[in-house]
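Input: a single structure, listed below in structure tokens.
The numbers here are math on the coordinates, done by the rules we state, and not lab data. None of the values given here were measured: they were computed from a predicted structure. We place every Cβ from the backbone using ideal geometry, glycine too, and count neighbours over all the protein chains shown.
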Amino acid sequence: MASLELEARLDNLLSTAQKETANIDLFAPMAENEECPICLIPLPLHDGEVVFMTCCGKQICNGCTYKEVMNDMKNGLLESKCAFCRQPDRNEGKPNIKRIKKLMKKKNPEAFMQMAVYYKEGRNVIQSDTRALEMYICAAELSHSNAYVSIGEFYENGVVVEQNMSKALECFELGAKKGSVHAHKVLSIINGRNGKHAKGIEHLTVAARSGAQDSMDYLMKVYKPYTFIMELIRYRRMLHMLELILPSPLFLLRDFGTDRNCK
Ligand SMILES: [Zn+2]
Ligand SMILES: [Zn+2]
């Protein structure tokens, strides 16, 4: 179980975040993701479509990374270099722990997130759930919204900390208020599981509006049975509009030439 010091740090983190987000509506439209430093387009929401560079600590979209690799290959450069800072990747694609630790010293939240995954999975470091949680706390203290979701999962599963679903929910909601699309997806599943389907759909709608394709696909499936009814309503409205625009059929049948009053 977590040490008293870790528990106190968690309590402090959550109460600070509660104060910071007190005036934010849980279902408010979300701000755009931060921009890719090369193409200046908001980064994709899917983690697999973004590369975290341990050289400069930047997150770069796959499109820009691929473009730079192709350019280097065309110019005969075999050593892979960062698309942003052009530093060579001397670790042959393997994670560079030293570089990540340097970024952690510079308070790069993404570096803490990366390290948390390594500790959680025991990749490149000795597996430790406690160290993973500490890394997520550091990332959350630096306002990384997804870190709150990860901390919530520790409470949900009773790992390192005591199982506590209300604290898990608190973390997920804080993550959502701080801008995590992933948090809205998790909240949608939990609400659905608890029979609160309308709330679940509301969370999914926020995620879909911010560009999450999987949430959009799910909503399309949910609303498909209603599309026929919607079509009928639209058709009825169209008929009503025609009634207003077109002259009455009786008006068209009137024979003005033979109308006695017009003689
Ligand atoms: Zn880009
Ligand atoms: Zn770089």
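Structure summary
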{"read-out": "Separation in nanometres of the label points that stand 7 Å from Cα toward Cβ, at Ser15 and Asn157", "value": "2.9 nm"}
{"read-out": "Peptide ranges 193-200, 109-116 listed from the most packed, as the mean C-beta count within 10 angstrom indicates", "value": "109-116, 193-200"}
{"read-out": "For region 31-38, 3J(HN,Hα) per residue [Karplus equation, 6.51 cos²θ - 1.76 cosθ + 1.60, θ = phi - 60°, Hz, x = Gly/Pro]", "value": "6, 5, 4, 5, 7, 5, x, 9"}
{"read-out": "The chain - mean residue ellipticity at 222 nm from DSSP helices (-39,500 (n - 2.57) per run, n ≥ 4, rounded to 500)", "value": "-19000 deg cm²/dmol"}
{"read-out": "Simple Cβ-charge dipole of region 1-112, Lys/Arg +1 and Asp/Glu -1, about Cα centre, in debye nearest 20", "value": "760 debye"}
{"read-out": "Additional length obtainable on full extension of the chain from Ile24 to Asp72, 0.36 nm per residue less Cα span", "value": "12.7 nm"}
{"read-out": "Average Cα contact separation per residue, the chain, under 8 Å, 6 or more apart, as relative contact order %", "value": "14 percent"}
{"read-out": "Listed residue pairs exceeding 31 Å between alpha carbons, taken from Lys98/Lys185; Lys120/Lys224; Lys74/Lys120; Lys19/Lys106", "value": "Lys98/Lys185; Lys120/Lys224; Lys74/Lys120"}
{"read-out": "Assigned charges on the beta-carbon of Lys, Arg, Asp, Glu; region 99-223 dipole about Cα centre (debye)", "value": "460 debye"}
{"read-out": "Residue (of Gln59, Ala116, Cys85) at the positive-pole extreme of the chain, dipole from beta-carbon charges", "value": "Cys85"}
{"read-out": "Using a Förster distance of 51 Å, the FRET efficiency for Lys106-Met238 (Cβ separation, nearest 0.05)", "value": "0.25"}
{"read-out": "Selection from Ala139, Tyr218, Leu174 lying farthest towards where the dipole of the chain points positive, charges on Cβ", "value": "Tyr218"}
{"read-out": "Label-point gap, in nm, between Arg123 and Cys39 - each point 7 angstrom along Cα→Cβ", "value": "2.4 nm"}
{"read-out": "Sequence ranges 138-149, 10-21, ranked by mean other-Cβ count within 10 angstrom, highest first", "value": "138-149, 10-21"}
{"read-out": "Fluctuation leader among Arg99, Arg237, Arg123 - the chain, Gaussian network, Cα springs under 10 angstrom", "value": "Arg237"}
{"read-out": "Distance-filtered residues of region 157-195 - backbone nitrogen under 20 Å, label point 7 angstrom along Gln213 Cα→Cβ", "value": "181-186"}
{"read-out": "Per-residue HN-Hα couplings for region 41-56 [Karplus 6.51, -1.76, 1.60; θ = phi - 60°; Hz; x = Gly/Pro]", "value": "9, x, 4, x, 7, 7, 4, x, 9, 10, 10, 8, 8, 7, 6, 10"}
{"read-out": "Normalised per residue, the volume of the convex hull around the Cα set of region 4-181 (Å³)", "value": "120 Å³"}
{"read-out": "Dipole moment magnitude, nearest 20 debye, the chain about Cα centre, only Lys, Arg, Asp, Glu C-beta charged", "value": "520 debye"}
{"read-out": "Reachable aspartates and glutamates, given that their alpha-carbon falls under 16 Å from the alpha-carbon of Lys67 and they are not under 8 places away in the same chain", "value": "Glu49, Glu79"}
